[in-house]
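Remarks on the structure that follows.
A short reminder: the numbers here are calculations on the coordinates, not readings from a lab. In this text, all values refer to a predicted model and were calculated from it rather than measured experimentally. Please note: Cβ atoms are built from the backbone with ideal geometry, for glycine as well, and neighbour counts cover all protein chains shown.
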Amino acid sequence: MTSDAPVVYDSVAYHRAAKNRVERTVLNYAGVKPRRTFQFGPVKTATPRKIDGWLKQAGKRGTGMAKRLARA
């Protein structure tokens with residue numbers, strides 16, 4: 001997930017409010033139990049290079065998680 005606040009600030013000041021809201025109101029309601037949530041930010045000031053890095057990182061994490069689940 002992405003946010004405009006820096007990730008550390010969001011954790012300390014808001015107690016990960018965006019993450020909790022998405023997980024509790026959308027995913028849990030739909031019956032989805034997330035295993036992990038990764039947050040990237042701040043998006044407003046991110047350069048295209050930084051965003052590409054986030055996309056690659058998310059792809060690697062998703063692939064790794066899929067491989068681990070396939071082994072189980």
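Values for this structure:
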{"read-out": "Cβ-based exposure ranking for Leu27, Leu69, in which fewest neighbours within 10 Å come first", "value": "Leu69, Leu27"}
{"read-out": "Qualifying aspartates and glutamates (Cα of each under 20 Å from Cα of Lys56; at least 8 residues distant if same chain)", "value": "Asp4"}
{"read-out": "Only Lys, Arg (+1) and Asp, Glu (-1) charged, at Cβ; the chain dipole about Cα centre in debye", "value": "420 debye"}
{"read-out": "Charge dipole of the chain about the Cα centre (unit charges at C-beta), most positive-ward option of Asn28, Gly53, Ala70", "value": "Ala70"}
{"read-out": "Expected 222 nm ellipticity per residue - DSSP helices of 4 or more, -39500 (n - 2.57), all of the chain, to 500", "value": "-16000 deg cm²/dmol"}
{"read-out": "Rg over Rh [alpha-carbon atoms, Kirkwood Rh] for the chain", "value": "1.02"}
